[in-house]
Amino acid sequence: MRRFLVAGNWKMNTTKASGSQLAQALVAEVPKENQAVEVLVCPPFPYLTTIGEIVKGTGIGIGAQNCSHEAPGAFTGETATEMLSDVGCRSVLIGHSERRHILKETDADINLKVKKALAAGLQVVLCVGELQSERESEQTDAVLDTQMTGGLAEIDAAAFDQIVIAYEPVWAIGTGLTASPEQAESAHQYLRNWLKSHYSSEIADATRILYGGSVKPDNAKELLSQENVDGALVGGASLKAEQFIPIIQAAVELSAG
Ligand code: PGA
């Protein structure tokens, strides 16, 4: 049985003070003994250490929103995976749609980052998803295939205990438009079958596939109830404890059966 993962992507938001307050609220509300659901927050780089100290020992992990594929050295403005591990990151988001579409990251760039993060022992949350125009022209499966093939090129089956896939339809991110549970389930099924045909049934069964795109307290339960949805990558609603906590609770309730 796959354990739910609920991850908050804070993007380029919060201050040191507001992020700390948010993390403190999570620590207060998410029971320490919570084993049912893995909880992760991904603050901006400058706050990783501060937030990491607040959540330390609570089971809530910290993740970065990006990383360099290079080893430490002369790469002005970049952040090495060694540094992420050094400040206590458990995970790193790779290939988020804002990085693909605004910052023009390619599947080849993403693949290098995936390899580097895996080698550093980090959990990789590889984000994939189609644009609205691609969905309308019925290219969703083809886009997912290209992004999975490119992002996971030369990645061995053995690495999959460190890999999580996040399906995030670009048209649903930050727009208030959510994929219907049926749309999400159908893309997740496609991704699970992709893992089965490119790796194995065992890997397809064990790998978590998160849904992201306008997840809110009022739609979380229905999305998370889908057979192939194993958690949520939450943007806007992860910035407010009163919205993020009910999403975690929805996952806790569903895991209790
Ligand atoms: P959203 O963002 O929840 O604000 O739509 C999700 C994401 O970008 O990861």
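Any residue in the stretch 154-162 that is within 16 Å of the ligand (Cβ to nearest atom) and modelled with pLDDT of 95 or more?
The answer is no, given that none of the residues of the stretch 154-162 is within 16 Å of the ligand (Cβ to nearest atom) and modelled with pLDDT of 95 or more.
Within the stretch 153-191, track down each residue that is more than 16 Å from ALA232 (Cα to Cα) and of a type in the set (D, E, K, R).
GLU154, ASP156, ASP161
Residues THR76, THR49, THR14: which one is at positive phi, modelled with pLDDT of 95 or more and β-branched (Val, Ile, Thr)?
THR14
So, in the stretch 195-252, how many residues would count as being of a type outside the set (S, T, N, Q) and not in a helix (DSSP H, G or I)? So that I can check it myself, show each step before the final result.
Filtering the stretch 195-252 down to residues of a type outside the set (S, T, N, Q) leaves 195-196, 198-199, 202-206, 208-213, 215-218, 220-224, 227, 229-237, 239-242, 244-248, 250-252.
Now narrow it down to the ones that are not in a helix (DSSP H, G or I): 199, 208-213, 215-216, 227, 229-235, 240.
So the count comes out to 18.
With respect to the numbered conditions (1) closer than 20 Å to LYS11 by Cβ; (2) among the small types (Gly, Ala, Ser); (3) at pLDDT 95 or above; (4) surrounded by fewer than 20 Cβ atoms within 10 Å (Cβ to Cβ), which one is the sole condition not fulfilled by ALA117?
Against the list (1) closer than 20 Å to LYS11 by Cβ; (2) among the small types (Gly, Ala, Ser); (3) at pLDDT 95 or above; (4) surrounded by fewer than 20 Cβ atoms within 10 Å (Cβ to Cβ), ALA117 comes up short only on (4).
Determine which single condition VAL30 fails, assuming it passes every other condition in (1) under 25 Å from GLN226 (Cα atoms); (2) surrounded by 14 or more Cβ atoms within 10 Å (Cβ to Cβ); (3) touching a Lys or Arg at 6+ places or on another chain (Cβ under 9 Å); (4) modelled with pLDDT under 95.
Going through the list (1) under 25 Å from GLN226 (Cα atoms); (2) surrounded by 14 or more Cβ atoms within 10 Å (Cβ to Cβ); (3) touching a Lys or Arg at 6+ places or on another chain (Cβ under 9 Å); (4) modelled with pLDDT under 95, VAL30 breaks only (3).
Pairs, please: C-beta under 6 Å, at least 6 apart or cross-chain, first residue farther than 15 Å from ILE110 by Cβ and assigned to a strand (DSSP E or B) and in the stretch 80-94, second within 16 Å of the ligand (Cβ to nearest atom) and of a type in the set (Gly, Ala, Ser)?
SER91/GLY63
Residues that are over 27 Å from ALA172 (Cβ atoms), in a loop (DSSP other than H, G, I, E, B) and in contact with a Gly (Cβ under 9 Å, 6 or more places away or on another chain): does the stretch 47-58 have at least one?
Yes.
Here is a check on your reading of the model: is ASP218 in contact with a strand residue (DSSP E or B) (Cβ under 6 Å, 6 or more places away or on another chain) and more than 13 Å from GLU168 (Cβ to Cβ)?
No: the conditions fail for ASP218.
I'd like the residue in the stretch 171-194 that is crowded, with 18+ Cβ neighbours inside 10 Å and assigned to a loop (DSSP other than H, G, I, E, B) and, out of all such residues, is nearest to the ligand (Cβ to nearest atom).
Per the stated criteria, the residue is ILE173.
Looking at LEU224, LEU233, can you tell me which residue is within 16 Å of the ligand (Cβ to nearest atom), within 22 Å of ILE110 (Cα to Cα) and at pLDDT 95 or above?
Only one candidate qualifies: LEU233.
Quick one: ASP86 ticks every box in (1) within 16 Å of the ligand (Cβ to nearest atom); (2) acidic (Asp, Glu); (3) surrounded by fewer than 16 Cβ atoms within 10 Å (Cβ to Cβ) except a single one, so which number is it?
Condition (1) is where ASP86 drops out.
Among the residues of the stretch 26-57, write down those that are within 21 Å of VAL252 (Cα to Cα) and not hydrophobic (A, V, I, L, M, F, W, C).
GLU29, PRO31, LYS32, GLU33, ASN34, GLN35, GLU38, LYS56, GLY57
Kindly indicate whether any position in the stretch 150-170 is out of contact with any strand residue (DSSP E or B) (no Cβ under 8 Å at 6 or more places or on another chain), charged (D, E, K, R) and farther than 21 Å from ASP205 by Cβ.
Yes, that holds for at least one residue.
Restricting to the stretch 120-163, name every residue that is over 26 Å from VAL6 (Cβ atoms) and surrounded by 15 or more Cβ atoms within 10 Å (Cβ to Cβ).
GLU134, GLN139, ASP141, ASP145, GLY150
The values are calculated or read from the model by the stated rules, or taken from the named source; none is laboratory data. Keep in mind that this is a model prediction, so the values were computed, not measured. Positions of Cβ are generated from backbone atoms using ideal geometry, with glycine treated the same way; all protein chains shown enter the neighbour counts.
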